[in-house]
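The structure appears below as structure tokens.
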Amino acid sequence: MIRCSVVLLCLLACDLAASAAEPKIEFNRDIRPILSDTCFHCHGPDSAKRQAGLRLDQEQEAKAERDGHRAIVAGEASRSELVRRITSTDPDEVMPPRTSTRSLTAAQIKLLTRWIDEGASWQAHWSFIAPQRPAVPEATAAWSRNAIDSFVKQRLAQEGLSPSSEAEQTTLIRRVTLDLTGVPPTLVEVDEFLADASPDAYEQLVDRLLASPRYGERMVLDWLDAARYADTNGYQGDGTRTMWPWRNWAIDALNSNMPFDQFTVEQLAGDLLPNATLDQKIATGFHRNHPLNGEGGRIAEESRVEYVFDRVETTGTVWLGLTIGCCRCHDHKYDPLAQKEYYQLSAYFNSITESGAVDRGGNANPVERIVTPENDRRLNELRDEVARAEKAQQTGLAAVDAAQLEWEKNPIGVTQWSVLDPVSFKSKNGATLTKQPDLSVLASGESPEKDDYELTFRINAGQADRPALITGLRLEAMADDSLPSKGPGRAPENGNFVLTTLELVAASVTDPKKSVKLPFSRADADYSQGGFSPAGVIDTDKNSGWAVAGGDNSKGRVAIFVLDAALALTGPAELRLTLKHESVHVKHVLGRFRIALTTSGAPRLDAPSAEVVAALGIAADKRTDPQKQQLRDYFRSKVSPQFAGLKTAVDASKKKLTDYENSLTVTMVMQDQPKPRDTFILTRGTYTQPGEKVSHGVPAALPPLAIDAPPNRLTLARWLVDPANPLTARVTVNRAWQSFFGAGLVKTTEDFGTQGQPPSHPELLDWLAVEFGGGDTGTRGQGDKGN
């Protein structure tokens, strides 16, 4: 086959000579291209744009009677409305209309007329007819060594052409080595080939090249292009992704001569195979190669739907050779593909467990961790280490609990915090503030871009001879189900806040005009977002402040603010507190919060909550279960050095395990969610405009699915390589032909529809398709021939 490549290239480069005798009209060759180019736009498959209810892409419709007329009357061009219209001189009746950009030449009109007079014989579009094995032409030339040569020889004879002379040996080894490995032969390899006088020297050379690992690396290139492979995501910063495991899988599959039907099934649905292996899951990365949009302003669901579209259209191109993407918005204008069928195909890809976000570094879920046997051994070692640490912690809890009982008798280090009850509270810019039973304040309603919360508290502490010294405030930023992401702030995207300023004023109850502003000297928090420390709340920069994005805020956050000098109170007083949110980050205001004060000489961040303090004041046998749990959690997390040591050991072992797991390669794969998503026809392909609900299905113009086949990707994959499918084998061998010879037997490699070019050598294409399939029809037995 390789030896006759020069002959084939010569043939493909030549224009076909016109036959002296007028050939018999063939619908697919002569008539369909005319109708497709000039008529199908208005009288074709697209029901929304069809004019006068006339279809010329289907024989029964084209020959049916309408209002006493038939567009085509077989054998009688003079009675055919089509001929009358295309020959009319009346500008209101002539077809195509004068306003159309399409027109018919005199030769085309003559051909259409002659075709109708000859009986208007019809054919299904050539690519939708299952290939049949043609007879191999008789080989009469000495250079004709196989069936391909015989087909080429026959065509050369038809065109009155002679083959080029056979390439000399140095050219031959260079060509075949480049073809099969992508690199030229070495001088040593050339010398060895020239010195080999055995009759099968060339065959041995080909076998050696096919056995080389370079073969898979070369041959995978065209497949990578078809699979839209990339190591980056393609948007904005073009972040790096991890798809090379899929690429390596494809190389290994080619080098091992994996059967093409298996090659197809594993890439489209390897995860759905019984007891799917790691390699079969990695294979499904084929449909994760699309661009990923990690842009901050993107809408995740819009991106997810685009990824579904990408999979449908890539599948249609790679396996079916059809421009199915046209049907995203409407019925195809030229091929028998309906918009509904597009969305029926999309149903197979609509239930992937993905969100549309880039949520795994440069990757997006779902992903598969690649675990080698050595990785698995180390993981088991680390899991055992975690188990030992947890067992030691459990064993040591008895001693920790005994120490807690002693501590409860004299709870050293406990800062007493008193929750304040706000007597007034308001939002400067229109939010609704509501006091909760636990004395916290919840914001709702209007969500201003910036806001000040003004609160007033009444306290009665100290006596003239024994003043109470207030030393600090505690702010609890609390979670709440009513807030975005459950809070603790009101930022729409993540429930964050940015508190920029905290102002505290103390005033006399008896003389409110007598007031003093109280500065703070220190601030601390249990968690702060990078660059947003609570120290920013008490500095002079109104653009700095405390924020908490990036952490686990499910239980809220706490910050304390220590007064620069203690406030001495000798009786009733009024505290006026203002919480300011003046950040450039709009709507980043507190959602729910609670204020407490302390008279402790050294306020601590890890001081217990008011609930813990209250529990300490209750006899042990009178405490509720929640109170006991609160005390236990506080003692273990904040007081007990013994528990801290045990916990540190557990945390350290878990971190080692997590760090090792995170060091392993992950790659994006396909994985369906347990409950399939509903699929709808989307008006003009817009994700926010669902229409009719559809179920899984394939185009009616192609063979039907197997009876009772489950509606999943595995069924679709097996349908693609089913013996009855007329397209897959043709499309695949044509792509291989293009790879070796620069142009396919069908030059429009990705369009086998009516607008694509017909095959230059239809018998050869069908012989290759059937040979590739290993049977008499379609893709039967593709597994017999491999890649």
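The values are calculated or read from the model by the stated rules, or taken from the named source; none is laboratory data. Computed from a prediction, not measured in an experiment: that's the story for all the values here. As a convention, Cβ positions derive from the backbone with ideal geometry for all residues, glycine included, and neighbour counts pool all protein chains shown. Accessible surface areas use protein heavy atoms only, side chains included; no ligands, DNA or RNA. Shrake-Rupley method; radii C 1.70, N 1.55, O 1.52, S 1.80 Å.
In straight-distance terms, cross-link reach from K428 covers every one of the aspartates and glutamates whose alpha-carbon lies under 19 Å from its own, apart from those fewer than eight places away in the same chain; here that gives E446, E449, D451, D452, E454, E503, E582.
Share of Cα-Cα pairs in segment 187-288 beyond 15 Å, in percent?
69
Look at where the Cα atoms of segment 515-534 and of segment 320-373 average out, and the two centres are 50 Å apart. Computed about its Cα centre, the charge dipole of segment 402-547 is approximately 480 debye, with only Lys, Arg, Asp and Glu carrying charge at their Cβ. What pairs in K409/K628; K486/K542; K409/K622 have C-alpha atoms more than 22 Å from each other? Beyond 22 Å between Cα atoms: K486/K542.
Charges only on Cβ, +1 for Lys and Arg, -1 for Asp and Glu: so what's the dipole of the chain about the Cα centre, in debye to the nearest 20?
Values: 88 positive and 104 negative charges, 526 e Å.
For the chain, the charge dipole is close to 2520 debye.
Seen against the Cα atoms of the chain and their longest principal axis, helix 762-773 is set at about 50 degrees.
Given only helices, namely DSSP H runs of n ≥ 4 each adding -39500 (n - 2.57), what is the per-residue ellipticity at 222 nm of the chain, to the nearest 500 deg cm²/dmol? Helices in the chain give a 222 nm mean residue ellipticity of -10500 deg cm²/dmol.
Taking square-rooted eigenvalues a ≥ b ≥ c of the alpha carbon gyration tensor, is segment 125-226 rounded, prolate or oblate, where a/c under 1.5 means rounded and, failing that, a/b exceeding b/c means prolate? Before the final figure, lay out the partial values.
Working: a/c = 2.40, a/b = 1.32, b/c = 1.81.
Note, shape of segment 125-226 comes out oblate.
Kirkwood hydrodynamic radius of the chain, from the reciprocal of the average inverse Cα-Cα distance over all distinct pairs: 33.6 Å.
Of the GluC sites (Glu not before Pro) in segment 137-169, the ones in a loop by DSSP (not H, G, I, E or B) with at most 11 other beta carbons within 10 Å are E138, E168. To the nearest ten degrees, helix 213-226 and the longest principal axis of the Cα atoms of the chain are 80 degrees apart. Sorting 711-723, 212-224, 280-292 by average packing, meaning the other beta carbons within 10 Å per residue, from highest down gives 280-292, 711-723, 212-224. Is segment 22-143 best put as rounded, prolate or oblate by its Cα gyration tensor, with a ≥ b ≥ c the root eigenvalues, rounded for a/c under 1.5, and otherwise prolate when a/b is larger than b/c, oblate when not? Prolate shape, in that a/c is at least 1.5 and a/b is the bigger ratio.
Shape verdict for segment 463-525, please, from the Cα gyration tensor: rounded (a/c under 1.5), prolate (a/b greater than b/c) or oblate. Before the final figure, lay out the partial values.
On the way: a/c = 2.74, a/b = 2.52, b/c = 1.09.
It comes out prolate by the Cα gyration axes.
As a fraction of the 1.4 Å probe accessible area of the chain, surface on carbon and sulfur atoms comes out at 51 percent.
Just the accessible area per residue of segment 202-252, please: how many Å² with a 1.4 Å probe? Please list the in-between numbers first.
Numbers: 2550 Å² over 51 residues.
For segment 202-252, the solvent-accessible area averages 50 Å² per residue.
Between 0 and 90 degrees, the angle of helix 147-159 with respect to the longest Cα principal axis of the chain falls at about 60 degrees. Considering only L720, L405, N257, the residue lying farthest towards the positive end of the dipole of the chain is L405, judged by Cα position with unit charges set on Cβ.
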